[in-house]
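The values are calculated or read from the model by the stated rules, or taken from the named source; none is laboratory data. Owing to the predicted nature of the structure, the values given are computational and were not obtained by experimental measurement. All Cβ positions, even for glycine, are placed from backbone atoms using ideal geometry, and neighbour counts span all protein chains on display.
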Amino acid sequence: MKTEISRRRFLQGSAAFTVVAVSGAATALIEKKKHDEVASFGLRKTQWSDKLEEVPTLCEMCVNKCAAIARVEDGVITKLNPNPLFPKSRNMLCARGNAGIQALEDPDRLKYPLIRVGKRGEGKFKRVTWDEAYEYIKDKMVKILDEEKDNRSTIGFCAGEGMAEHTYVSFMKDKIGSSNFVNHSTICLTTTIAGYSLTLGGYGQADLENAEYVIMAGANRAEAIVTPDTMDMFKRTKGRGAKLVVIDPRFTNTASHADKWLPIEVGTDLAFVLALTHVAISEELYNKRFTQENMSDFEDYKKHILDKGYTPEWAEKITGIKAKEIREVARDFMAHAPRSIYYQGRRTAWSFQDFQVRRAQAIFTAMGGGIDQKGGIIFGKKLPLGKHEISSPTYFNAQGRIEKNKAAVIGTSGSWIAWRNTIIDGTAPYPVRAFFAYKQNPMLSVPNTTKTRQMLETMDLVVVIDTMPSDTVMMADVVLPESHYLEREDPVKTFGGSEPSIALRKKVVDAKYDTKPVIEIMRGLGEKLSKPLFEISKKYDEELQELIEDEGGEEAVYKQEGYDLADGFRHSQETINHHMVASVYGEETWKTLREKGIFYPDMDKYFKQKSVNNYQYYPEHKKSYSVIKGDLEVEPYHDTCVDTKEMSVLKKEFRTATSKIACALYNLEKKKGVDAMPTWRDELYTPTPQGRFRFITGRHGQFTQSGTANNALLLDLMGDNYLWLNKRVAQERGIKFGDKVEVKSSIGAIQIKAYPTEKIGPNVVFFIHGFGAESSELTLAHHRGANDNMIIEDHYEKSFGSAAMHETIVDIRRV
Amino acid sequence: MNLNNLLPYKKQTLKSFFSFEFTTANVAMFLLSIALVTAMFYGIGVYLIEGHHAYGVTRQHAWGLLIAMYVFFVVSSTGLCIMSSIGHVFNIEAFKIIGKRAIVGAIIMILVGFSVIAFEIGHPVRMVIYNILTPGLTSAIWWMGTLYGMYLFFIILEFFFLNNNNHKYSTIFGLAGLVVGLAAHSNLGAVFGFLVARPFTNGPFFPLYFILSAMVTGSYLLFLMYGWRYKMKFPPEVETFLYTLAKVLGLLLAVLIFFEIWRMLTAIYGNMPERADVAMHTLSSANFLVGEVLLGMLIPFAIIIYSKGKAIKTLVYASITGMVGIFWMRYDLVHDTQLAHMMPLKIKEYAQTTPFVEYTPTLVEWMISLGALGLAVMMYYAADKFFDLDHKVEELH
Amino acid sequence: MARYGMALDYKSCINCKACESACKEENGILIGADKHRIWVGVPEMEGIFPDLSIGSSSYEPSQCQQCDNAPCQEVCPTNATYYDDNGVVRVNPEQCILCTYCMQACPYDARYIDDRTMTVDKCNFCSDTRLINGETTTACQATCPTKVRIFGDLDDPNSEISQVLRDREHYSLKTHLGTKPKLYYLT
């Protein structure tokens, strides 16, 4: 039997499979378009067009402020290159610095002012004009201050580190008049700044270019942020001039450069340092002349160490580091002194004894004599700049900080955790009803996210100034978009050290969206709020009422006493910078600064290229190593995050012999009950229970906390955070690479993928901070990885209210 | 001058072209080839839109299933050409009958092979231009491509002359096609053999063994073609041919097994990195043990040995397993070359290195590859319709 | 003209990936796991906690070795891969047919496919973005925090790279294959 296929059927059949073929492929078309858009954005090859400009700027992807030159072609930035002129950044730009273009062009950026519609935290906003936003803020603030009888401190505010930070802070603190300010200090470096400043007179700079022996405890210079310390240190490790000892429970990239890596039980650093000190004292290895001439109460300290029996054997039981190793480290350190440094560290918010650890470290370094000397901790010089004064009125009704009694010393930047907890636990002496945030993301950066959310929910007004729709932005009532750092000029800054310089961030491109630099935001707020808030003050502030009577009228007082809130913010940043520079150095310097981005005296003479990679900034004999003569009169240089005024106040209050290195702070003990000398306290340390884990947090080299979590290029380098878990422990529990596990503490739980590794001990787990954003507006960061502050318990140490982030015990299970 | 004078063909109407005997086997073949060709077109459609992302090839494993399939078809073509030349170039009596059918098979196989690789090479048109303008004369791929182009030209001419019963010219072009085909085919082996970066593949083995393997493939295909053509009821001259073919195949398989044993022994001896470990991985994988060895070599070989070359009907069926085995030989060739990591370190902290490079073909790759088989069947069907591929009995004596 | 090579003081490398991101920014490379011209190789840590082998944890930054006897050049059927006047192995995207034979031939996993042109791409020492305009540093060299890379003219005996290769011991990768790579790891 034959079968025929008719012509019609044939044509139908062929039509059918053509349709099938094409339609199935059509869905792929949509996928491809999305892929293309993400895959290439911001990444452009140079076209070397005639309209190519090179504009100097300073990177803001982390706190280091490396100098960059932006290559701009036809209004678009094609590359950020290092600016070799800046001594501080040593002619480099790290992965984050290069990715500034992606941050600028991130499609998720905040583009215009927003006001919340819907419930707080829902993330529903409507677009408004700047005026409408200011109006809303004004209405709310007037109501709040009226009800609180002009207690300015009812307006709480926080700030993240930035070049324009003090513009905002001075507005809120000096003009608005609130004392309830918190910043990153107590979730970062307060204890080390205070520890070194109170001991040595300043936090100083580790001269890693010349040091011979360096102990880095916990500090992860190869990964956390890339500072001059990174650039100097890692060229000299591995037998090339410097010995590095790394004390860290985790084998970091820094440890891979070490001569010796000593894993330590989390939270026991104080025992280690005390034991080192004991060895140096009992074997008389310390620099006798230096201690005699430059240290006060050293005999007391010696007696204290020996009497308490802080032997290496004692420390071995607590830290897990062998006594033999402790002895070797102490002996090597002193053998290489004065070019030996116990590195200060940056984020030191780990345990309850942090402050004393840093004190002990500073004293130990000083015992070697490496203070204010090449190869040790140096203070350097700072180039002066003109002042930009902002008149600040006095608000008589503004009360003191709400958490001032929660720790021994609460400075002007407070204690984030204590301050927040005081608001929600009902112990605040008066209500804090408004909250302003600038460039900080407390929802992700402060331990115990749940409590931060609670705190924000109690507010009547939440205003957030930021560039990206972070989790904190999602909790706002009013969102004010700041211009990206490549879109604005920021206050000129002087950077001290052994090779001081002045650096300027110039605007590179015009603002893409309806955003403003923070000085203009403060100006706008100031214009809107001045008169209405003045009225409130007039109503309730008796001192002001008297002043008006005495000084002849409202107008006069308003203008002269600084109640015009926009006064000081009306000039453009460029005008202010011009004044600050030209008033000290003249017009020529101002021109150089604008053209090259960097200036220091005799720059043309001194700046030379030494090799393809390295430059000389100052000739050797012009570098400022030893600067202290007699009393610590020269203002010791601190790094960018340090509030120098604050440190001066503290020093004056608690140091006795101000020109000497303080081994004992008897005033501190007398006035505040903090141990005068570093003392190990058993009650402040809890060993990790068997079968459970201590959670520690930290950084990788590709991310800056939570600020870069949405950056397409950086996520290409590392797409997720993973949980570091000891391989054998993982094997026991049947956990393999990439398996989802739940990490649970007493305050919360998160889920994260596992990374079994031998680089961490069996009773510790780790994952990097900054992931796990809940904000649905961050397309790439949304629900990517896990948020460490969801599980980190909100402990804080009682000297300065600094967070103790490594005191959380967690449980793990596979899900 | 009409086409029929130049190249005699059987006239067909649309109706006669699409009619065939309604047996189970025929209908099954018809439906199968329609399904496969549909799949092929769908796969091609997806590729045209998505590009190489439709395939499972990666940076470390850039050659995938499509390359393996290309090799499969090209080897089949060369094999059929070689086997065919045994008859009308070297005048071995028993093989004389297969001339036209084998050459048509060779032409179809290479055309299908080219069509498969057209969707793997990113810029096929550019290839034709620059292969001529700026040839890379040290490149085995250049030689392979150029020689296969010439080979196709020669065997088309050979077929043309065969169809016109012009024995002088058909022999000349047959010889030319054979020589160029052997050169092209060994250059294909050299594509792999020249790779200094790949110790497991580098060396003379592939250029040499490819010729042998082509002949084995050609033999299997001939069993299949003649088994199908005569539906197992063979006229005497075909039977004689198949008995001879069985013995030839037996010899070829014996040599092939011998080659493979020594290849693997020398690969694992001495534990040389990137060679011994890859060899051990291959030796313990199902692709090799079941596919290449059992289906491709042992089963047909066992049948030939036990039946002393007489079980030609069983051999037709065994040729199916044989071809499956041949497919796995090609896949293993391409895959094994790329198994060893050239850069074994991980480049992200949160990554795991695998001991070997991993590759899984995507559905699109399978559709195009297996679909091409359907295309080959359809083209063979068309050739059978248009040309008289049978031998003329009276010509034989 | 010149014969460019690169010396890497690899012990200074801290695996910060600045070079990887600078390369992508400079040359407009697409984001994507497979798509990188340069990388930092991270060896698996040897040892069991706490006895970890610090020595096994050195990083290996790498990229196309710009071999003087490049297998990729030898196997290219259309001569799309060629040596330019500076000894840099370049790919002409107009002539590349994406046969990916070069990707098979490269012993260093230096090549990948650029999705936009559908041709093979790899490090070209910033030839078309920097060298062509007279700059003599590559993006990866310029951006590195610890200054791992020294880029320069190997044929100039006075160049820094020539000096450092004379003064210091160094090794290259897979030299036994005869590729004559021009990346030198300073020990």
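List of remarks:
- Single residue of the stretch B:360-374 satisfying the filter (more than 13 Å from every other protein chain (Cβ to nearest Cβ) and not polar (S, T, N, Q)) that is surrounded by the most Cβ atoms within 10 Å (Cβ to Cβ): B:Ala372
- Verdict on A:Ile465 being β-branched (Val, Ile, Thr), at pLDDT 95 or above, more than 30 Å from A:Ala712 (Cα to Cα) and buried (at least 22 other Cβ atoms within 10 Å of the Cβ): no
- Residue within the stretch A:738-745 that is in a strand (DSSP E or B), more than 14 Å from chain C (Cβ to nearest Cβ) and acidic (Asp, Glu) present: yes
- Scanning the stretch C:9-24 for residues that are farther than 21 Å from A:Arg221 by Cα and touching a residue at least 60 places away in the same chain (Cβ under 8 Å) yields one hit, C:Cys23.
- Of residues in the stretch A:201-243 being in a loop (DSSP other than H, G, I, E, B) and of a type in the set (Phe, Trp, Tyr), the one farthest from the other protein chains (Cβ to nearest Cβ): A:Tyr203
- Residue count, the stretch C:45-79 (criterion: in a loop (DSSP other than H, G, I, E, B) and more than 7 Å from chain B (Cβ to nearest Cβ)): 15
- Qualifying positions in the stretch B:44-77 - closer than 19 Å to C:Met118 by Cα, buried (at least 22 other Cβ atoms within 10 Å of the Cβ) and among the small types (Gly, Ala, Ser): B:Gly45, B:Ala54, B:Ala62, B:Gly64
- Test: residue in the stretch C:26-43 that is facing chain B (nearest Cβ under 8 Å), under 30 Å from A:Val729 (Cβ atoms) and among the charged types (D, E, K, R): no
- Pairs, first surrounded by fewer than 20 Cβ atoms within 10 Å (Cβ to Cβ) in the stretch C:120-144, second aliphatic (A, V, I, L, M) and not in a helix (DSSP H, G or I), C-beta under 6 Å, six or more apart: C:Ser127/C:Val88
- Checked against the criteria, A:Leu52 counts as within 12 Å of chain C (Cβ to nearest Cβ), in contact with a strand residue (DSSP E or B) (Cβ under 9 Å, 6 or more places away or on another chain), at pLDDT 85 or above and surrounded by fewer than 19 Cβ atoms within 10 Å (Cβ to Cβ).
- Selected residue [closer than 30 Å to A:Val557 by Cα and not in a loop (DSSP other than H, G, I, E, B)] from A:Phe435, A:Phe396: A:Phe435
- Filter result (part of a loop (DSSP other than H, G, I, E, B) and closer than 10 Å to A:Asn711 by Cβ) within the stretch A:95-107: A:Ala99, A:Asp106
- Out of A:Thr191, A:Thr154, A:Thr186, A:Thr167, sole residue that is in contact with a helix residue (DSSP H, G or I) (Cβ under 9 Å, 6 or more places away or on another chain), crowded, with 24+ Cβ neighbours inside 10 Å and more than 26 Å from A:Gln705 (Cβ to Cβ): A:Thr154
- Positions within the stretch A:268-283 being farther than 18 Å from A:Phe251 by Cβ and either part of a loop (DSSP other than H, G, I, E, B) or out of contact with any helix residue (DSSP H, G or I) (no Cβ under 9 Å at 6 or more places or on another chain) (or both), in sequence order: A:Glu283
- B:Tyr331 vs. criteria over 18 Å from B:Phe192 (Cβ atoms) and of a type in the set (Phe, Trp, Tyr): no
- Scanning the stretch B:319-359 for residues that are touching a helix residue (DSSP H, G or I) at 6+ places or on another chain (Cβ under 8 Å), hydroxyl-bearing (Ser, Thr, Tyr) and either assigned to a helix (DSSP H, G or I) or within 10 Å of chain C (Cβ to nearest Cβ) (or both) turns up B:Ser319, B:Thr321, B:Tyr331, B:Thr337.
- Set A:Ile735, A:Ile696: member being touching a Phe, Trp or Tyr at 6+ places or on another chain (Cβ under 9 Å) and crowded, with 19+ Cβ neighbours inside 10 Å: A:Ile696
- Scanning the stretch C:114-145 for residues that are within 13 Å of chain B (Cβ to nearest Cβ) and either over 16 Å from the mean Cα position of the chain (by Cα) or of a type in the set (Phe, Trp, Tyr) (or both) turns up C:Asp114, C:Asp115, C:Arg116, C:Thr117, C:Met118, C:Thr119.
- Qualifying position, being closer than 22 Å to A:Ile377 by Cβ and of a type outside the set (Asp, Glu), among A:Thr268, A:Thr230: A:Thr230
- Matching entry among B:Tyr220, B:Tyr269, B:Tyr230 (being surrounded by fewer than 22 Cβ atoms within 10 Å (Cβ to Cβ), closer than 30 Å to B:Phe95 by Cα and either among the hydroxyl-bearing types (Ser, Thr, Tyr) or within 14 Å of chain C (Cβ to nearest Cβ) (or both)): B:Tyr230
- Every condition in (1) within 21 Å of A:Glu265 (Cα to Cα); (2) free of Cβ contacts under 8 Å to residues at least 12 places away in the same chain holds for A:His782 except the one numbered (1).
- Leading residue by the ranking (nearest to A:Ile417 (Cα to Cα)) among those in the stretch A:764-801 that are polar (S, T, N, Q) and surrounded by fewer than 20 Cβ atoms within 10 Å (Cβ to Cβ): A:Ser776
- In the stretch B:272-298, residue nearest to B:Leu212 (Cα to Cα) [restricted to those that are among the β-branched types (Val, Ile, Thr) and buried (at least 18 other Cβ atoms within 10 Å of the Cβ)]: B:Val293
- In the condition set (1) modelled with pLDDT of 95 or more; (2) acidic (Asp, Glu); (3) surrounded by fewer than 24 Cβ atoms within 10 Å (Cβ to Cβ); (4) under 26 Å from the mean Cα position of the chain (by Cα), A:Asp269 is compliant with all but (3).
- When residues of the stretch A:121-142 are limited to those that are surrounded by 16 or more Cβ atoms within 10 Å (Cβ to Cβ) and among the charged types (D, E, K, R), the one farthest from A:Ile176 (Cα to Cα): A:Lys140
- Close contacts from the stretch A:665-686, counting a first residue that is part of a loop (DSSP other than H, G, I, E, B) and a second that is of a type in the set (Phe, Trp, Tyr) and buried (at least 20 other Cβ atoms within 10 Å of the Cβ), with Cβ to Cβ under 6 Å and a gap of 6+ residues or different chains, come to A:Leu665/A:Phe654; A:Met677/A:Tyr301.
- Among the residues making up the stretch A:575-631, those that are among the hydroxyl-bearing types (Ser, Thr, Tyr), assigned to a helix (DSSP H, G or I) and more than 22 Å from C:Ala142 (Cβ to Cβ) are A:Thr575, A:Ser583, A:Tyr585, A:Thr589, A:Thr592.
- Residue count, the stretch B:301-318 (criterion: assigned to a helix (DSSP H, G or I) and of a type in the set (Lys, Arg)): 1
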